[in-house]
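Just so it is clear, none of the values below were taken in a lab; they were calculated from the coordinates. Because the structure is a prediction, the values reported are computed rather than measured. Neighbour counts are summed over all protein chains in view; Cβ atoms, including those assigned to glycine, are modelled from backbone coordinates with ideal geometry.
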Amino acid sequence: MKPSQHPPPVAPFEPSIARALAAELGRMGLSDKLPAPEQWASLIERIKSASSESPYLLPLAAAGTDHDLNFFEATADAVIIFSPEDERILAANAQAGALYGFSPQEMAGLPLAEISSSRETARRRIDDVMSGSMAGPDGWHRFEAVQRRRDNAPLVVLVQARRITYRGQPAILSI
């Protein structure tokens with residue numbers, strides 16, 4: 001008997017993950033990137049597999065209810081979305097606020113220069129992400145950066161960043 005060419009069966013909780021993911025992608029302005037319904041099972045399996053290597057995906061893989069789950073806030077990692085054009089933070093989750101010493105509301109609209117130790121290095125990284133140069137095979141840029149907390153204390157962070165569309169505009173998602 002040949003192995004099945006069909007994706008593995010979908011567990012009962014996975015349709016709620018699909019709905020939550022679709023809602024979150026829609027809020028991020030990525031609804032045009034949604035896969036076809038027949039691809040959801042494969043996508044969910046890849047997410048579950050990747051969650052063992054990428055902690056920010058764990059809330060997605062563990063979700064099991066029908067309520068709308070906000071992955072931006074649910075992740076244990078600091079997440080910042082910013083405009084590459086004017087270098088201002090568009091959104092930050094509570095974890096980012098705690099890491100940098102600001103509330104998420106204070107971070108929204110904050111110039112990146114407030115948390116970057118080197119404006120020149122930050123601009124070079126932004127240009128790399130927007131051009132796609134230096135990206136890994138998965139499209140993510142990974143690098144170490146020295147940044148600053150609100151109290152000007154240095155902060156060394158490992159960054160994963162990629163270009164996204166946020167509310168219809170080009171942006172960078174930084175984890």
Report summary line: For the Asp77, Ser131 Cβ pair and Förster radius 25 Å, calculated FRET efficiency rounded to 0.05 is 0.50
Query - Amide hydrogen neighbours beyond the local backbone of Leu155, cut-off 5 Å, H modeled - result: Gln147, Arg148, Arg149
Report summary line: So, with points 7 Å from each Cα along the Cβ direction, the Arg88-Glu106 label distance in nm works out to 1.9
Query raised in the report: the range 88-115 to the range 117-175: how many Å between their Cα centroids?
Result: 14
**Report entry** Label-point separation, Arg124 to Val157 (7 Å along Cα→Cβ), nm
**Finding:** 1.9
Query raised in the report: When the Cα atoms of the range 69-175 are enclosed in a convex hull and the volume is divided per residue, what value in Å³ results?
Result: 102
Requested in this report: Starting with the highest mean, order 110-122, 90-102 by the number of other Cβ atoms within 10 Å, averaged over the residues of each peptide.
Outcome: 90-102, 110-122
Query raised in the report: Expressed in nm to one decimal, what extension gain is obtained for the pair Arg167 and Asp138 from 0.36 nm per residue of sequence separation less their Cα-Cα distance?
Result: 8.1 nm
